[in-house]
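Some notes on the structure that comes next.
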């Protein structure tokens with residue numbers, strides 16, 4: 001398997017197949033990251049597409065800094081979401097039927113999963129911005145502490161503290177739902 | 001010094017991620033066992049819930065199609081010689097040599113046959129290459145505007161054919177190509193307009209001005225002064241994003257190069273106005289769109305006399321209207337064809353067709369910045 005650094009370098013040099021491979025590797029996680037931050041499925045889909053089109057447009061300026069390519073994509077996604085959310089009025093929260101798991105599953109199981117996703121989104125929404133960002137990148141984006149710190153321009157110590165506080169708040173928000 | 005709990009929590013989270021059991025990790029820190037256990041369960045519960053989120057298959061498919069379209073354009077842009085690096089005559093010579101090579105390597109019939117090629121056919125790339133050559137040989141801004149408009153019409157016709165055959169992917173890619181071509185055509189029209197000069201100030205007879213200068217852009221929403229998080233990292237940005245720098249390659253330390261260097265959309269169009277001879281004579285005046293000057297004005301000999309600048313501008317105004325109408329007609333036909341394809345599509349494909357339609361609509365919105373509708 002090709003190393004990510006090699007793939008990125010190829011993509012920077014205009015190799016479309018390399019970019020496509022990076023796209024395939026990161027598509028789901030970027031979509032997931034955006035999905036928990038916006039209110040509807042349609043918004044998440046549009047923004048996910050935007051992120052990759054933006055990445056394609058800017059890839060020739062990318063400089064490898066020993067940080068996963070995903071960190072750069074998360075950053076684009078983060079900024080794109082902020083831009084988008086700023087334009088939206090704070091009207092409604094995502095309705096339950098807009099949350100979704102794989103639609104091929106058993107309807108009852110699907111409903112349960114959708115409800116759990118809905119609860120997660122609601123819990124994340126209650127966090128202060130910095131905690132939410134750290135929790136999303138760490139637990140949903142699956143970046144390491146070092147990668148989160150570099151992505152957000154914060155120290156590892158700060159990120160650890162934010163992660164801890166975010167987890168404690170999420171525990172409270174999700175309390176009683178962990179087992180079921 | 002006792003370790004902070006947030007550090008211990010992070011260590012355990014990492015250990016469990018890499019395969020260690022929860023119990024084993026808790027055993028290392030018995031004094032924090034209860035607290036750590038519930039926090040770690042919460043952290044992994046978040047990941048579990050998030051793992052239920054998957055892109056819809058239709059969305060995944062559509063996003064891939066759109067990316068391919070964007071990649072196709074990126075490669076097309078890359079193939080076009082950059083005017084800033086090439087002088088006009090060198091570019092022309094390069095194109096001429098390429099043209100001779102193409103003619104040597106292909107028969108005339110191949111090129112001729114390609115002129116009717118559709119996006120799903122083998123000869124289509126030859127058709128696109130031929131179009132590039134036509135553009136490269138265009139000398140004046142008016143010629144370029146005319147050719148770009150013709151190419152937009154060609155793309156629109158191709159979308160119609162692809163839509164009528166229910167070929168979603170080809171229709172989507174060609175629709176994206178059309179959107180791009182509409183941008184190029186609008187830019188070319190604007191360029192030709194600036195070369196034709198601004199509307200002359202009437203001296204004696206008040207002449208109704210048919211085409212006003214481009215209206216000033218209405219003030220857009222000013223980017224909020226306060227960015228929620230990490231705004232300081234955002235580098236300066238591109239022209240078409242009025243609200244933000246957000247979409248810029250964000251991590252500044254990683255992106256020393258500013259994105260102003262990104263090729264603007266109109267890059268393919270040389271802006272060397274000094275090379276433009278007076279051209280409006282080459283364009284047949286569209287008499288039906290000319291203002292009925294003679295009816296409104298006294299039939300004196302002096303009245304029709306206008307300055308050369310006025311004549312040039314009037315001719316361009318009529319030409320501009322003609323080009324605009326053609327672009328508008330192309331857009332309308334395309335939209336109708338896509339709507340029709342959507343109507344005839346199966347339920348699961350309707351979404352894809354709607355996205356093609358939306359993409360065109362979006363581009364259309366952008367295009368209105370270039371000229372009044």
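Would you say residue B:32 is at pLDDT 90 or above, outside any loop (DSSP other than H, G, I, E, B) and more than 7 Å from chain A (Cβ to nearest Cβ)?
Here the answer is yes, as residue B:32 does meet what is asked.
Of the residues that sit in the stretch A:122-140 and are at the interface with chain B (Cβ under 9 Å from one of its Cβ atoms) and closer than 14 Å to residue B:13 by Cβ, which one is surrounded by the fewest Cβ atoms within 10 Å (Cβ to Cβ)?
The residue in question is A:140.
Just name the residue that is farthest from residue A:79 (Cα to Cα) out of those in the stretch A:136-154 that are within 10 Å of the chain's Cα centre (by Cα) and not in a loop (DSSP other than H, G, I, E, B).
Among those residues, the one meeting the criterion is A:139.
Does residue A:51 satisfy the condition of being crowded, with 20+ Cβ neighbours inside 10 Å, within 19 Å of residue A:16 (Cα to Cα) and within 15 Å of the chain's Cα centre (by Cα)?
Answer is yes for this residue.
Being outside any helix (DSSP H, G or I) and touching a helix residue (DSSP H, G or I) at 6+ places or on another chain (Cβ under 9 Å) is true for just one of A:54, A:75, A:37. Which residue is that?
A:37 is the lone residue from the list that is outside any helix (DSSP H, G or I) and touching a helix residue (DSSP H, G or I) at 6+ places or on another chain (Cβ under 9 Å).
Pairs under 6 Å by beta carbon, first residue more than 7 Å from chain B (Cβ to nearest Cβ) in the stretch A:59-74, partner assigned to a loop (DSSP other than H, G, I, E, B), six or more apart or different chains?
Listed pairs, sorted by first residue: A:74/A:141.
Pull up the stretch B:42-59, narrow it to residues that are part of a helix (DSSP H, G or I) and facing chain A (nearest Cβ under 7 Å), then point me to the one that is modelled with the lowest pLDDT.
B:59
The values are calculated or read from the model by the stated rules, or taken from the named source; none is laboratory data. These numbers were taken from a predicted model, which means no experiment stands behind them. FYI the Cβ positions are ideal-geometry reconstructions off the backbone, even for glycines, and counts take in every protein chain you see.
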